[in-house]
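The values are calculated or read from the model by the stated rules, or taken from the named source; none is laboratory data. Keep in mind it's a predicted model, so treat the numbers as computed, not measured. Glycine also receives a Cβ, built like all others from the backbone with ideal geometry; neighbour counts cover every protein chain displayed. Note: accessible area is taken over every heavy atom of the protein model, side chains too, but ligands, DNA and RNA are not part of it. Shrake-Rupley method; radii C 1.70, N 1.55, O 1.52, S 1.80 Å.
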Amino acid sequence: MSPPEPYLGEVSRTPVRHHILSVLVENKAGVLARIAGLFARRGFNIYSLAVAPAESHARFSRVTIVVDAESAPLEQIVGQLDKLVNVVAITDLAPRDAVERELLLATLPLGDENRSAMLDTITRAGAAIVDVGPTSVTVMLAGTPAACDELEAALEGFTEVELHRTGRVALPRLA
Amino acid sequence: MQLTGAQALIRSLEQEGVDTIFGLPGGAILPVYDPLLDSSIRHILVRHEQGAGHMAEGYALATGRPGVAMVTSGPGATNIVTPIGNAHMDSTPLVVITGQVATASIGTDAFQECDITGITMGITKHNFLVQSAQEIPRAVAAAFHLATTGRPGPVLIDVPKDVTQSMMDWWYPASVEEYDLPGYRPEVPLDEDAIARAVALINESERPVLYVGGGTLKSRAAQELRAFAERTGIPVVTTLMARGAFPDSHDLHLGMPGMHGMYTAVTAIQKSDLLISLGARFDDRVTGKIPAFAAGAKVIHVDIDRAEFNKVRHADVAIQSNVGAALTAFDDARATPRNLDVWWKTINEWRDQYPLVYDEPSAEGPLRPQHVIEAIAAKAAPGTIVAAGVGQHQMWASQHWKFEEPGTWINSGGAGTMGFGVPAAIGAKVGRPDRTVWCIDGDGCFQMTAQELTTARSEGIPIKVAILNNAYLGMVRQWQEMFYDERYSEVYLSADLPDYVKWAEAMGCVGLRARTLKEMHEVIDEANSINDVPVVIDFRTDAEEKVFPMVAAGASNDDIIVHPLQRGGNQ
């Protein structure tokens, strides 16, 4: 009997029923652990998470969490999150009500045989080359999560690609 | 005025009106124990930190005021994790102070270091690691505010040793605004629209039930509940956490619902067309199989914690409020169900058919545990407080004791913490020295925390402990008998090992034993005559006695198993 294949997890795209929670929190030690711990112990799934100081205040940070609304009812997630004392405000953004952006960085080998295909892919995605090495380039795409998904999918055909995404940030649509 | 952090901590506790701390000193908390000598606050020196936590819980449940415990870092802190978790499950207001290694040593695996704020993150309402002596007053004031408002719960303050040793300029927050809790809004305005929809549901209901949970006690709404129930005639059930919120002697009271609830309480919920949930959370021990729980009922869910809404059961109307305010709003709107005569006729038939029963005790013993509880209750002073551990004895105590007022039933509901009874009873007696306090305990539970009787004796806290000694981990034994083909696995404890009378005596208590009915009455009388030292009674009870009624785990409440005496035919 051959040993089982190592389980690498399913390739996950954004869940069909996802919501974006824009969470204003006190900028205090351990706040991220409180949020992550809450999601873990209640069995809520986080798809992506981004944290940065909010506006110009050092006192607050904004955490943008894309939650899988299939893992638990959104009402439960928001209700439990709101009980964390360090959570100041929660804005629930349904995908259609939000402007979402994400940043993707990828380092791509530029071998002789794939060079033109690779450059073509980069150009078509609208990605910018931000670093150049002797045999590889690093490209950046700042765009919608769907655009990042598309570029990631297009790069799947190439080998030795190192790819990193930030997770999305979002704000409410104005109209 | 310059104070050390330690002095500021004690002074802050005094500012919050703390009269008692349950605790045990050690290295990291040492600085705080020095100014304690000069304080008016009474310190109860426990023998194990778990005891301190449960005592603080017993104190809080008996008085309605937050319980305070103080322990050292590392193992001192981890030993109090169980009470913190217990208080979290039962929404009991606690403030727990833990010593911590000096700030410069945090993260270095220093002696007796542990990340207690990390460990208790999921089982506290909130916790603080205090970074400077100047911040101590704010942390203490905020901790008491958090512990006692909204949905109450445990709050932990971790204080590094260098913080308590350094100097600060004394101050104390004058108002909530200075607590620095921008994200904490415990109360929201009453939703008038939701009230109106709830009133409409009540007005059209024909088979309503008031499903009263622990939140009714936490919000001190027993009077509003009684007024509403009496005006409307709606039957009342009180959950394990709400015993005492409505008098057991009241004709509208059907008793406790749930896995070991009264047949009538369980069945009335099942057949109801409207459940008015007041500070209850649809716990699995109440609902049984969730899809089968009160399947024909609409639900009005009143809770201060909005995360309880639709967590387990869909709420047709959710009202985020304390229980008293919602009931007053229902009353103001003259919410009144339809004529309930038919409903009450049905309920009273269940009551007649399925009262609480148990087998006749024989004069020579073994004693019937239910009978022992009723005998103690019959001879107890009015207002007696009862604490319990967890297991069969707890269920029998809840079933057979008649609770008439809030704060008289002290037990571990959500967490089911064995060993809760003795220290909780001690804490209750400290908080209510005017009351008689009985601990109804099991032999398994008693062995977990009995060392605190030494604390009780040395501190002059004369509680009375009734061990219903059936020589088994009785509830587990019951499940093995009923659901595991009588294959008894690791449940036998022996009735004679330890010798409970000698053990009690070794701890400075009076130890008594009863095997026969005559002895049972004698020892209860003797215990009642002793009011200066703790008394422990070893009641030898029948190991085969089981708690009925019973709804098997995961079963529908419709499939409630009644006592064998009530089973017709071949059930």
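So which residues in the range B:276-298 are away from every other protein chain (no Cβ under 14 Å), open to solvent by less than 60 Å² (accessible area, probe 1.4 Å) and either in a loop (DSSP other than H, G, I, E, B) or touching a His at 6+ places or on another chain (Cβ under 7 Å) (or both)? Once the filter is applied, which keeps residues that are away from every other protein chain (no Cβ under 14 Å), open to solvent by less than 60 Å² (accessible area, probe 1.4 Å) and either in a loop (DSSP other than H, G, I, E, B) or touching a His at 6+ places or on another chain (Cβ under 7 Å) (or both), the range B:276-298 yields B:Ser277, B:Gly279, B:Ala280, B:Asp283, B:Gly288, B:Phe293, B:Ala294, B:Gly296, B:Ala297. On inspection, B:Ala222 fails the criterion of being open to solvent by 10 Å² or more (accessible area, probe 1.4 Å) and over 27 Å from the mean Cα position of the chain (by Cα).
Quick one: in the range B:58-77, of everything that is part of a helix (DSSP H, G or I) and either open to solvent by 30 Å² or more (accessible area, probe 1.4 Å) or β-branched (Val, Ile, Thr) (or both), which residue is farthest from B:Ala424 (Cα to Cα)? Step through it out loud before you land on a result.
Our first condition is that a residue be part of a helix (DSSP H, G or I); within the range B:58-77, this holds for B:58-63, B:75-77.
So of that shortlist, the ones also either open to solvent by 30 Å² or more (accessible area, probe 1.4 Å) or β-branched (Val, Ile, Thr) (or both) come out as B:61, B:63, B:75.
On the way: B:Leu61: 9, B:Thr63: 12, B:Pro75: 21 Å.
Looking at residues that are part of a helix (DSSP H, G or I) and either open to solvent by 30 Å² or more (accessible area, probe 1.4 Å) or β-branched (Val, Ile, Thr) (or both), I get B:Pro75.
Quick check on the range B:529-540. Is at least one of its residues part of a helix (DSSP H, G or I), modelled with pLDDT of 95 or more and either exposed (fewer than 15 other Cβ atoms within 10 Å of the Cβ) or among the charged types (D, E, K, R) (or both)?
yes
Scanning for something β-branched (Val, Ile, Thr), open to solvent by 50 Å² or more (accessible area, probe 1.4 Å) and under 25 Å from the mean Cα position of the chain (by Cα), does the range B:456-469 turn up at least one residue?
Taking the range B:456-469 as the starting set, the residues that turn out to be β-branched (Val, Ile, Thr) are B:461, B:463, B:465, B:467.
Narrowing the set further to residues that are open to solvent by 50 Å² or more (accessible area, probe 1.4 Å) leaves none.
Within the range B:456-469, none of the residues are β-branched (Val, Ile, Thr), open to solvent by 50 Å² or more (accessible area, probe 1.4 Å) and under 25 Å from the mean Cα position of the chain (by Cα).
Within the set B:Val130, B:Val176, B:Val155, the sole residue that is under 27 Å from the mean Cα position of the chain (by Cα), within 14 Å of chain A (Cβ to nearest Cβ) and at negative phi turns out to be B:Val155. Those strands (runs of 3 or more DSSP E) of the range B:110-186 in which 1 or more residues are surrounded by fewer than 16 Cβ atoms within 10 Å (Cβ to Cβ) occupy B:167-169.
Each row is one residue, and each column tells you yes or no for (1) within 13 Å of chain B (Cβ to nearest Cβ); (2) in a loop (DSSP other than H, G, I, E, B); (3) at pLDDT below 95; (4) open to solvent by less than 50 Å² (accessible area, probe 1.4 Å).
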{"residue": "A:Pro3", "(1), (2), (3), (4)": "no, yes, yes, no"}
{"residue": "A:Pro6", "(1), (2), (3), (4)": "no, yes, yes, no"}
{"residue": "A:Val11", "(1), (2), (3), (4)": "no, yes, yes, no"}
{"residue": "A:Val25", "(1), (2), (3), (4)": "yes, no, no, yes"}
{"residue": "A:Leu38", "(1), (2), (3), (4)": "yes, no, no, yes"}
{"residue": "A:Phe44", "(1), (2), (3), (4)": "yes, yes, yes, yes"}
{"residue": "A:Ser48", "(1), (2), (3), (4)": "no, no, yes, yes"}
{"residue": "A:Ala58", "(1), (2), (3), (4)": "no, yes, yes, no"}
{"residue": "A:Ala72", "(1), (2), (3), (4)": "yes, yes, yes, yes"}
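Specify the residue that is farthest from B:Ala326 (Cα to Cα); the eligible residues are those in the range B:299-312 that are among the aliphatic types (A, V, I, L, M) and more than 7 Å from every other protein chain (Cβ to nearest Cβ).
Taking the range B:299-312 as the starting set, the residues that turn out to be among the aliphatic types (A, V, I, L, M) are B:299-300, B:302, B:304, B:307, B:312.
Next, only the ones that are more than 7 Å from every other protein chain (Cβ to nearest Cβ) stay: B:299-300, B:302, B:304, B:312.
Values: B:Val299: 14, B:Ile300: 11, B:Val302: 7, B:Ile304: 10, B:Val312: 21 Å.
Only one residue tops the list, namely B:Val312.
Filtering the range B:360-395 to residues that are part of a helix (DSSP H, G or I) and among the small types (Gly, Ala, Ser) leaves B:Ala375, B:Ala377, B:Ala378.
For B:Trp171, the criteria (1) more than 30 Å from B:Val302 (Cβ to Cβ); (2) in contact with a Ser or Thr (Cβ under 8 Å, 6 or more places away or on another chain) hold in every case but one, which is (2). The requirement of being under 30 Å from the mean Cα position of the chain (by Cα), surrounded by 18 or more Cβ atoms within 10 Å (Cβ to Cβ), in the same structural domain as B:Ile10 (by TED's automatic domain parsing) and not in a helix (DSSP H, G or I) is fulfilled nowhere in the range B:101-108; no residue meets it. Kindly evaluate B:Leu240 against the criterion of being over 20 Å from B:Asn557 (Cα atoms) and open to solvent by 10 Å² or more (accessible area, probe 1.4 Å). Answer is no for this residue. Evaluated against (1) within 14 Å of chain B (Cβ to nearest Cβ); (2) under 14 Å from the mean Cα position of the chain (by Cα), A:Leu32 falls short on exactly one condition, (2).
Select from the range A:74-94 the residues that are open to solvent by 20 Å² or more (accessible area, probe 1.4 Å) and part of a helix (DSSP H, G or I) and list them in ascending order. Full working, then the answer.
To start, the set of residues in the range A:74-94 that are open to solvent by 20 Å² or more (accessible area, probe 1.4 Å) comprises A:74-75, A:78, A:82-84, A:88-92.
Residues satisfying the conditions are A:Leu74, A:Glu75, A:Val78, A:Asp82, A:Lys83.
Going by what's in this entry, would B:Val209 be described as touching a Leu at 6+ places or on another chain (Cβ under 8 Å), under 16 Å from B:Leu327 (Cα atoms) and either open to solvent by 10 Å² or more (accessible area, probe 1.4 Å) or not in a loop (DSSP other than H, G, I, E, B) (or both)? So that I can check it myself, show each step before the final result.
Values: touching a Leu at 6+ places or on another chain (Cβ under 8 Å): yes; under 16 Å from B:Leu327 (Cα atoms): yes; either open to solvent by 10 Å² or more (accessible area, probe 1.4 Å) or not in a loop (DSSP other than H, G, I, E, B) (or both): yes.
Spelling it out, B:Val209 is indeed touching a Leu at 6+ places or on another chain (Cβ under 8 Å), under 16 Å from B:Leu327 (Cα atoms) and either open to solvent by 10 Å² or more (accessible area, probe 1.4 Å) or not in a loop (DSSP other than H, G, I, E, B) (or both).
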